[in-house]
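Novice: I have a structure I would like to understand better, so I am pasting it below and will then ask my questions one at a time.
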Amino acid sequence: MNPLVKLAKTNLEQFVKTSQAMSVPQYLSAELAQQRACYVYAFQKPGRHLRAMFGGPLPRQRSLAEEIIHNSITILDYASRPIKKADLSSLTYAVAVLEPLHRISNKDHLDPENFGLYLTSDRGKSSIILPQRTGIETPDDQVAIAMREAGIQANQEVVTMYRFLVTYHE
């Protein structure tokens, strides 16, 4: 099992069983020691139905390991229904690690298959679209969905766009 996914799985399962998060491992790989943003996903078997996910475009913890530990507990607040001990054997996990955000001047710099989009408005609204999202095929789709999800009015708000790469771990 991928070490990032194993960390998310181990921590979430420990928290569900004991209400205690695990400690950050003493020895971290170079990747886990970096400060990086990520999303943690829990999927329901059979199939691959999204049960919960949590993350953000910017890191909030000192290391990727701490980010995974935090996000794997926080997804419990976003689950479609509470995750209990009896559910643990029917869950699979994934971790999406985000590269740093790069400001772009227009949608021509986007490619929804390869780049995610994070946009913010001058009124404090924001939205994030990870790459390879089902139903998004063009940069126009990516921007339109991000604007709609954030509730941004294009003719009334100034928008700043960022793109980023993502590495998915399963």
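The values are calculated or read from the model by the stated rules, or taken from the named source; none is laboratory data. These figures come from a predicted structure and were not determined experimentally. Note that we place each Cβ from the backbone using ideal geometry, even for glycine, and neighbour counts take in every protein chain shown.
Novice: Is it true that some residue in the range 7-30 is modelled with pLDDT under 95 and assigned to a helix (DSSP H, G or I)?
Specialist: Taking every residue of the range 7-30 in turn, at least one turns out to be modelled with pLDDT under 95 and assigned to a helix (DSSP H, G or I).
Novice: Spot the failing condition for Ser19; the list is (1) among the polar types (S, T, N, Q); (2) touching a helix residue (DSSP H, G or I) at 6+ places or on another chain (Cβ under 7 Å); (3) surrounded by fewer than 14 Cβ atoms within 10 Å (Cβ to Cβ), and only one is missed.
Specialist: In the conditions (1) among the polar types (S, T, N, Q); (2) touching a helix residue (DSSP H, G or I) at 6+ places or on another chain (Cβ under 7 Å); (3) surrounded by fewer than 14 Cβ atoms within 10 Å (Cβ to Cβ), Ser19 misses (2) alone.
Novice: Please verify whether Arg133 is part of a loop (DSSP other than H, G, I, E, B), modelled with pLDDT under 95, of a type in the set (D, E, K, R) and loosely packed, with under 13 Cβ neighbours inside 10 Å, treating the condition exactly as stated.
Specialist: Here the answer is no, as Arg133 does not meet what is asked.
Novice: Check the range 59-75 and report whether any residue there is surrounded by 21 or more Cβ atoms within 10 Å (Cβ to Cβ), within 24 Å of Thr160 (Cβ to Cβ) and under 13 Å from the mean Cα position of the chain (by Cα).
Specialist: Yes, the range 59-75 contains a residue that is surrounded by 21 or more Cβ atoms within 10 Å (Cβ to Cβ), within 24 Å of Thr160 (Cβ to Cβ) and under 13 Å from the mean Cα position of the chain (by Cα).
Novice: Taking the options Arg148, Arg123, name whichever one is outside any loop (DSSP other than H, G, I, E, B), surrounded by fewer than 19 Cβ atoms within 10 Å (Cβ to Cβ) and among the basic types (Lys, Arg).
Specialist: Going through Arg148, Arg123 in turn, just one is outside any loop (DSSP other than H, G, I, E, B), surrounded by fewer than 19 Cβ atoms within 10 Å (Cβ to Cβ) and among the basic types (Lys, Arg): Arg148.
Novice: Which condition from (1) assigned by TED's automatic domain parsing to the domain that holds Val40; (2) modelled with pLDDT under 95; (3) under 24 Å from Leu32 (Cβ atoms) is the one that Leu58 breaks?
Specialist: So the condition that Leu58 fails would be (2).
Novice: Among the residues of the range 98-120, are any part of a helix (DSSP H, G or I) and not assigned by TED's automatic domain parsing to the domain that holds Glu137?
Specialist: So far as the range 98-120 goes, no, none of its residues is part of a helix (DSSP H, G or I) and not assigned by TED's automatic domain parsing to the domain that holds Glu137.
Novice: State whether one or more residues within the range 152-162 are within 30 Å of Leu28 (Cβ to Cβ) and in contact (Cβ under 8 Å) with a residue 24 or more places away in the chain.
Specialist: Scanning the range 152-162, I find at least one residue that is within 30 Å of Leu28 (Cβ to Cβ) and in contact (Cβ under 8 Å) with a residue 24 or more places away in the chain, so the answer is yes.
Novice: Follow-up. Restricting attention to the range 76-110, and to residues there that are among the small types (Gly, Ala, Ser) and farther than 30 Å from Ala154 by Cα, which single residue is surrounded by the most Cβ atoms within 10 Å (Cβ to Cβ)?
Specialist: This residue is Ala94.
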